[in-house]
Amino acid sequence: GQGGQGGQGGGGGQVRVTLVQGLAGEEFYETMACGAKAKAKELGVALDVQGPQKFDPTLQTPIVNSVVASKPDAMLIAPTDVKAMIAPLTQAKQQGIKIILVDTVVEDPGIGLSRISTDNVKGGAAAAKALAEQIGDKGKALVISTDPGVSTVDARIKGFEDEIKASHPGISYLGVQYSHNDVGEASKIVNAALAKDPDLAGVFATNLNSATGAGSALQQAGKLGQVKMVGFDAGPAQVKQLKDGVVQALIAQLPGDIGAKGVEQAVAAVKGQQVTPSIPTDATIVTAQNVDQPEVQKILYKAGC
Amino acid sequence: MKGVRLGDLQVVWIGLVLVALLAAFSILAPTTFPTSFNLLNLVSDAAILLLLATGMTYVIITAGIDLSVGGVLVFSAVAAAEVMDATGSLALGTLAALVTGLAWGVLNGVLIALGRIPALIVTLGTLGMSLGGALLLTGGVDLRAPTDLNLGLGLARWLGVPLIAWICAAITAALALVLAWTRFGRHTYAIGSNAEAARRGGVAVRRHLIKVYGLAGLLAGLAGHLSLAKYGITGVSAHSTDNLQAIAAVVIGGTSLFGGVGTVAGTVIGVFIPVVLQNGFQILGVRPFWQQVVVGAVLVAAVYVDQWRRRARDQ
Amino acid sequence: MKGVRLGDLQVVWIGLVLVALLAAFSILAPTTFPTSFNLLNLVSDAAILLLLATGMTYVIITAGIDLSVGGVLVFSAVAAAEVMDATGSLALGTLAALVTGLAWGVLNGVLIALGRIPALIVTLGTLGMSLGGALLLTGGVDLRAPTDLNLGLGLARWLGVPLIAWICAAITAALALVLAWTRFGRHTYAIGSNAEAARRGGVAVRRHLIKVYGLAGLLAGLAGHLSLAKYGITGVSAHSTDNLQAIAAVVIGGTSLFGGVGTVAGTVIGVFIPVVLQNGFQILGVRPFWQQVVVGAVLVAAVYVDQWRRRARDQ
Amino acid sequence: MAVPLIAARGIMKSYGHVEALRGADFTLRPGEVVALIGDNGAGKSTLAKILSGVERPDAGTVEVDGEPVAFGSAEEARGAGIETVYQDLALCADLSPAANFFLGRELLRPGLLGLLGVLDNAAMRRATREACERLGVRLASQTVPVSALSGGQRQGVAVARAVTWARRAVFMDEPTAALGVVQTQRVLDLIRGVRDSGVSVVLISHNMQDVMAVSDRVEVLRLGRRVARFETARVSMEELVGAMTGALEARDSEGTE
Amino acid sequence: MAVPLIAARGIMKSYGHVEALRGADFTLRPGEVVALIGDNGAGKSTLAKILSGVERPDAGTVEVDGEPVAFGSAEEARGAGIETVYQDLALCADLSPAANFFLGRELLRPGLLGLLGVLDNAAMRRATREACERLGVRLASQTVPVSALSGGQRQGVAVARAVTWARRAVFMDEPTAALGVVQTQRVLDLIRGVRDSGVSVVLISHNMQDVMAVSDRVEVLRLGRRVARFETARVSMEELVGAMTGALEARDSEGTE
Ligand SMILES: Nc1ncnc2c1ncn2[C@@H]1O[C@H](COP(=O)(O)OP(=O)(O)OP(=O)(O)O)[C@@H](O)[C@H]1O
Ligand SMILES: Nc1ncnc2c1ncn2[C@@H]1O[C@H](COP(=O)(O)OP(=O)(O)OP(=O)(O)O)[C@@H](O)[C@H]1O
Ligand SMILES: O[C@@H]1[C@H](O)[C@H](O)OC[C@H]1O
Ligand SMILES: [Mg+2]
Ligand SMILES: [Mg+2]
């Protein structure tokens, strides 16, 4: 709603916050929205959720602009590009809107009173270790990512590459292929990779859509067990692939927590209280062995809330 | 210059281009490209797109266009998943996919034929509506297929070829015959060639258009169901380029965007050319960015060869 | 039924639809929608698309289509960024963007006019080639604009309105006049209306088509440069829907995909209708999925009203 | 006097601000050939389109067999046994002559295939060739699309089609404009033959010889109104031209109805 | 004998397996009106298109003023002063009559605006209206597109256009097919006037009265070949029809060249 005054700072009215997702309709961001909504309800905050239909800064920019026009007190945002989103966010900042970065970040350190995200470099390294272990430290490994210029997945790739280079000389690294965050595209890439390198040993997919697509290609190809795969995120389809034995490990983030903490920080910022500039959240390695444990079940991404 | 266009000979040249591509990749990558594993992959990647492109062929022959197919596909997949989830019945789920697909298609047809709104606008609108609707139904996240579907139909094979590919091939073949040999097909061409003449000739143009868009929707619904079986998810964010892919396949296959001419056989080839190019260059290890460049260039060259031969024959 | 179509009256109805939308949002969100801040944002969001859509108007009036605009935009932005990086000269960067845009456009035109390959295929091919080429140039990462450009042209305002919007508006206005009042525009309509008649009448059809696609490329090149200034990046992974957005704007504005009719004024309105809808619903806080549904539905309704009024007048 | 097959009164039709018909009347009796003549732009084609259901009048009444009708589509007029050769021919350029000939009335294969809607192309081609040859129109190839036919060949297909299917009346809007001498003669013979089989014919033509040769009556349209009617036997060519151009005053040799 | 303005020999043209022209000859001398006649499908329009640069022959030679030429485009033929009224008219249906009339030769505003390519629409409209009225063709509105004109109005625009721009020769492919009686008469007068101004005319027509009335010579095409030539003054209508249909043996009243 447009009911509020759009007033500044922690005045009398209800605090109004808008969450701008990186991509509407992706489980990671929907789970984040769920967490944010729950926290907003708890704190009596009015929360709006918006998001582009593709993970694309030219689509996210007009959304940010209209959100700014609707004058919320604070905006939680997962910027879709480290550079391109600086200008619209600067404008938002100039309008006095408190900006909290959730998940992804931009290059300008002056933007984002608080930055809440997984330690993605570490997550990438953990993925490398898990994959190396699965394939016995040798063979060909391929990375499927979304697009260059996204802070989170770029960091995961960096973590993965550094770890492989540093500690797993037996693995021959085939490099990164970009799926444009499209499930079908990711699946095609893996299909072709299988044909090209029938001895492919392992795949690391850096986010939810890439992993879902890559996993379905492996499942279709009937390469169960031959090609090992580690994927970032823990969407419902991914968990199913894990249980089906297509995928060996998932690096689950805590999107719900990220959303909830984002709302807390936003409220603090609006009320002029102390904000925490950087909040790293945990990542958990989910495998077939631990997936049924209640504490792991809890962190799997939700299919709606 | 229009020249002689009837008969199915027109498909021959572009078909030869496809054969040439297959031969070239087989020579360049003899141990990896022409393997049954890879070729089956190709077929199975192309199968679902084939359904969409076949429906699109009918639509484009009427001088229309359907941008909504990807959205309808997703909506139908969601409908199927929810129905199967609620009832536990795979059959009801299939039915749900088909019915919702048909419904969207008929809505397109009604708006285009009765509302006389340009097809591009109508289907752009229903693309947004169906995708948004699907996301509303699911709360914005992908639904999973029931395991029996995913591991059943999704993995089933017959004579070593995925069942899904058989289904798509059978339907495509049937619709190719319908287009070429039946009254329904004849009226489809007539409307695209000269809608006013068809109307004056007593063809129920509006009703026929509704049927054609309904058919495209029905096929998109089936595609949604098969894609749910194949990938195990509803793919809410995965089908944004389906429309352009299907349209490109149709045009590569020699169907004119201005309507009146075209064949399903051409479309089949048009579906495979980009798929083969993509797969072949990936297998050859061409760097991803070069792939885009090369696929683009070869696509233009392939159609050029086709046009050029066709023109030579016509003169 | 063709009916009377000359004259610019046709733009009036769809313009009224836009006015109605603006009024509705202003009533529903009186303190946030009709603010100069928001309206300026609207204009500035729409400005670059306007350039693409203006070029597309010319192309579609010749009964062609250009899917490559997004790719050419990115390629030109990359070219500009690299040249500015290498030479330190903003002017040379601008020139690089314009020249590369023009070159891609001319390539499109040559392949379409001389190679007689369907425009859809040619520009689908050059879309892949230009995007892939841009990624090759950058190694797959976004380049940044020099700070003087991003903070200069990117943020500059004149009379409170972003300079980029002024540039786009001026060019659009000039091209609207060229289309309506000059020989170049007249030949553009003639080719789309009946290319064979134009040829027999002595219009240099091929040369003209090359010019029209060259113009569209040039505008995409300029758009690339402006987008580099505005966003500060080359946007290698963005712009995938630019072509469809531009085409939709042209068609909403009353230009027929079959060529021969259309106006730039209509296109301007066609650019703003979806932008206003999106912005309005976002300001009203409509959830994204509902937005898709509602934008789709209102789009169809808006064009329906337009068609209906136009038909009523024609009868 | 017998009930007219078609009686139109006070037909009005405007396109934008162009008034194509301004209260035109028209009568066609069973079994007669009526020539509808008039200057370019007089409204002949518009009237023919309205009476064959392709366009709707803005005002006026149309009666068939004395019953008021409002044809909503060409389909309905055809259902009433009325066929038309349009001045712009209304052929699908991408389809073969046979496909055009049988458009909307395709022959199906016998048996099961027919139930499935499978076309009997061979039979349709044969029938089309025969019908065209009866007019003296030779089609070099049956598989080329209509766009590849000569002007006269196209017109032959359109004329043959209308004549074949008409049961009550045929409107022919300049059916011989593109035809050769022999073919024109055949069409005129055909018109007589059609009339003798009891089907009425409306011939729109600018060729006064043809009009005099074949029609029983003549109705003259000028500026969207009927300005004169004649028995052909009792009128001279000069009178017809005079009526069309307005040199003669409006005249009705049959008195008011 | 004077050098012919246009002399074509042995022209061949096939479309797929349809042989439209099988070695056709044709001669046009300066300042004469030649009627080119023949049955439907004889190849008249194809020959006219080849001689006006729209189609290229598969074989044969064309000479203009005794010099061999190979028109690559209509533009080149027009450069040589040859204009054509095509049977299919070749008008842009979405453009106004004036835009069609001046297509490819638009008038520009005087001064700076003209240098910028700005059209002088008022002047073009005026000239178009005048040229059409000279033929007796009235255009109800100058701003409607050609698609809204009646058949005869369209043909009037096409004829007026060709005649206005021709300097050496005009090909008219059935220019009066859709015209009214008066308009047809005016076109025939116009043809004479054009000839008297020194421009040659090729009239393709199925109307033998018109052919007899206006032509100096007649060339007859049958099945893609010239089968006869006549001086109009020395031939009867029966002979012409006989030559077209093949009832008469091939005949050349002028002897071999
Ligand atoms: N769709 C249309 N839109 C606008 N004006 C039209 C349309 N159709 C016909 N007219 C106008 O209506 C008038 C009558 O046209 P119509 O075609 O009936 O004449 P006609 O008597 O058949 O002439 P002709 O002998 O030249 O064929 C003309 O002035 C024409 O310009
Ligand atoms: N583009 C084409 N493709 C195939 N065949 C063609 C084409 N153009 C003409 N033809 C064929 O060539 C032959 C001659 O055609 P043309 O149009 O020259 O005849 P015409 O003498 O002008 O006849 P008409 O008096 O009917 O206008 C015809 O049989 C026609 O079908
Ligand atoms: O962390 C995010 C998540 O992995 C999503 O799936 O893709 C984008 C990432 O930023
Ligand atoms: Mg008429
Ligand atoms: Mg001809």
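Pull up all non-local amide H partners of C:Ala156: gap of 5 or more, or a different chain, and H-to-H distance under 5 Å with H placed in the peptide plane.
C:Leu163
Taking amide hydrogens as modeled 1.01 Å from N in the peptide plane, which residues meet the under 5 Å criterion relative to A:Val49, leaving out close sequence neighbours?
Amide H neighbours of A:Val49: A:Leu19.
In the stretch A:244-305, if every C-alpha pair distance is counted and binned at 5 Å from zero, what percent goes to each bin?
4, 15, 21, 19, 13, 11, 9, 5, 3, 1
Can you pull the accessible area of A:Asp81 for me, 1.4 Å probe, Å² to the nearest 10?
Approximately 0 Å² of A:Asp81 is accessible to the 1.4 Å probe.
Mind listing the phi-derived Karplus ³J(HN,Hα) values for the stretch A:243-248, rounded to whole Hz, using 6.51, -1.76 and 1.60 with θ = phi - 60°, and x for any glycine or proline?
These are the phi-based 3J(HN,Hα) values: 5, 6, x, 6, 10, 9 Hz.
Would you mind getting me the FRET efficiency between C:Thr147 and E:Val18? Use the beta-carbon distance for r and R0 = 60 Å, nearest 0.05.
Working from the Cβ atoms, E equals 0.30.
Relative contact order for chain B using alpha-carbon pairs under 8 Å, separation at least 6, rounded to a whole percent?
With pairs under 8 Å counted, the relative contact order is 34 percent.
From the phi of every residue in the stretch D:65-75, what ³J(HN,Hα) in whole Hz does the Karplus formula 6.51 cos²θ - 1.76 cosθ + 1.60 yield, where θ is phi - 60° and glycine or proline is x?
6, x, 9, x, 10, 9, 4, x, 7, 4, 3
In the stretch E:94-178, carbon and sulfur make up what percent of the accessible area (probe 1.4 Å)?
53 percent
Not counting ligands, DNA or RNA, and with a 1.4 Å probe, what is E:His17's accessible surface area in Å² rounded to the nearest 10?
140 Å²
Indicate the gyration tensor shape class of the stretch C:34-314 (rounded, prolate or oblate), computed on the Cα atoms with a ≥ b ≥ c the square roots of the eigenvalues: a/c under 1.5 is rounded; otherwise a/b larger than b/c is prolate and the rest oblate.
Oblate, because a/c is 1.5 or more while a/b does not exceed b/c.
Calculate the translational D of the protein assembly as shown in whole µm² s⁻¹ from Stokes-Einstein, where the hydrodynamic radius comes from the Kirkwood formula applied to all Cα pairs, the temperature is 4 °C and the viscosity 1.567 mPa s.
Using the Kirkwood radius from Cα pairs, D works out to 38 µm²/s.
Measure off, as a whole percent, the carbon and sulfur share of the 1.4 Å-probe accessible area of the stretch B:34-314, all protein chains present.
That fraction is 69 percent.
Provide the net charge surrounding A:Glu163, with neighbours chosen by a C-beta distance below 10 Å and charges set as Lys +1, Arg +1, Asp -1, Glu -1.
+2
Name the helices (complete DSSP H segments) of chain B with a Cα length along the long axis of 30 Å or more and a Kyte-Doolittle mean of at least -0.5, or state none.
Those that pass (Cα extent of 30 Å or more, hydropathy at least -0.5) are B:36-61, B:90-113, B:205-231, B:288-314.
State the answer as a single residue: which of C:Gly70, C:Val300, C:Asn150 lies farthest towards the positive end of the charge dipole of the stretch C:34-314, with beta carbon charges of +1 for Lys and Arg and -1 for Asp and Glu, about the Cα centre.
Checked the options; the winner is C:Val300.
Hey, rough spin-label estimate for B:Leu92 and A:Lys122, points 7 angstrom out along Cα→Cβ, what's it come to in nanometres?
In this crude label model, B:Leu92 to A:Lys122 measures out at 4.8 nm.
With +1 assigned to the C-beta of every Lys and Arg and -1 to the C-beta of every Asp and Glu, and no other charges, what is the dipole magnitude of chain B about the Cα centre in debye, to the nearest 20?
Roughly 1040 debye, rounded to the nearest 20.
Just the accessible area per residue of the protein assembly as shown, please: how many Å² with a 1.4 Å probe?
34 Å²
Taking only C-alpha pairs under 8 Å that are 6+ residues apart, what is the relative contact order of the stretch A:121-172 in percent?
Reported relative contact order: 60 percent.
Using R₀ = 30 Å, calculate the FRET efficiency as 1/(1 + (r/R₀)^6) where r is the Cβ-Cβ separation of B:Val161 and B:Trp290; round to 0.05.
The calculated FRET efficiency here is 0.40.
Is it possible to state the helix-based mean residue ellipticity at 222 nm for the protein assembly as shown, with each DSSP H run of 4+ residues giving -39500 (n - 2.57), the sum divided by total residues, to the nearest 500 deg cm²/dmol? What is it?
-17000 deg cm²/dmol
When only C-alpha pairs under 8 Å and at least 6 residues apart count, what is the relative contact order of the stretch A:90-162, in percent?
35 percent
Partner chain Cβ atoms within 10 Å, averaged over the residues of B:270-280 - can you pull that number for me?
The per-residue average across the peptide is 2.
How shielded is A:237-244 by partner chains, expressed as the average number of their Cβ atoms within 10 Å of its Cβ atoms?
That average works out to 3.
Sort shortest first the distances from D:Ser14 to its counterpart in every other copy, using label points 7 Å along the Cα-to-beta-carbon line, and give them in nm.
5.8
Enumerate the amide H contacts of E:Arg222 below 5 Å, restricted to partners 5 or more residues apart or on another chain; note that Pro and chain-start residues carry no placed amide H.
E:Val227
Against the longest alpha carbon principal axis of chain A, how many degrees, from 0 to 90 and to the nearest 10, is the axis of helix A:151-167 turned?
Long axis of A:151-167 versus the principal axis of chain A: about 40 degrees.
Give, as a single signed number, the net charge of other residues whose beta carbon lies under 14 Å from the beta carbon of E:Met212, with Lys and Arg counted +1 and Asp and Glu -1.
Here the count lands on -2.
Can you give the angle from 0 to 90° between the axis of helix E:151-165 and the longest principal axis of chain E, with both taken from C-alpha atoms, to the nearest 10?
90 degrees
Which value, in square angstrom to the nearest 100, describes the accessible area buried between chains B and C on both sides, using a 1.4 angstrom probe?
Separately minus together, B and C give about 3800 Å² buried.
Students sometimes get this wrong: rank D:Phe102, E:Phe71 by accessible area, probe 1.4 Å, all chains present, largest first.
E:Phe71, D:Phe102
Considering the protein assembly as shown, which cysteines have no disulfide-compatible partner, defined as another cysteine with its Cβ under 4.7 Å away?
That list is B:Cys168, C:Cys168, D:Cys92, D:Cys132, E:Cys92, E:Cys132.
Would you mind giving the total buried accessible surface between chains D and E, with a 1.4 Å probe and ligands, DNA and RNA left out, rounded to the nearest 100 Å²?
About 2100 Å² of accessible surface is lost on pairing.
Helix A:183-196: angle to the longest alpha-carbon principal axis of chain A, degrees 0 to 90, nearest 10?
Once rounded, the angle reads 20 degrees.
Taking each residue in B:248-257, count the Cβ atoms of any other chain within 10 Å of its Cβ, then average. What number comes out?
Mean number of neighbouring Cβ atoms from other chains: 3.
With labels modelled as points extended 7 Å from the Cα through the Cβ direction, what inter-label distance (nm, one decimal) is found for C:Leu114 paired with E:Leu116?
Result for the modelled spin labels: 3.3 nm.
Say R0 is 41 Å: what FRET efficiency, to the nearest 0.05, do B:Leu16 and C:Val305 get from their beta-carbon distance?
With R0 = 41 Å, the Cβ-Cβ based efficiency is 0.25.
Rounded, prolate or oblate for chain D? Axes are the square roots of the Cα gyration tensor eigenvalues, ordered a ≥ b ≥ c, and the cut-off for rounded is a/c under 1.5.
Since a/c reaches 1.5 and a/b is larger than b/c, the shape of chain D is classed as prolate.
Would you check the accessible area of E:Glu75, probe 1.4 Å, heavy atoms only, in square angstrom rounded to 10?
90 Å²
What does the net charge come to around C:Gly214 if you take all other residues with beta carbon closer than 13 Å to its beta carbon, with K and R at +1 and D and E at -1?
Neighbour charge sum, excluding C:Gly214 itself: +2.
The values are calculated or read from the model by the stated rules, or taken from the named source; none is laboratory data. It should be emphasised that the depicted structure is a prediction, and the values quoted were computed from it without experimental measurement. With ideal geometry, Cβ positions are generated from the backbone for all residues, glycine too; neighbour counts draw on all protein chains shown. The area values use the complete protein model at the heavy-atom level, side chains included, leaving out ligands, DNA and RNA. Shrake-Rupley method; radii C 1.70, N 1.55, O 1.52, S 1.80 Å.
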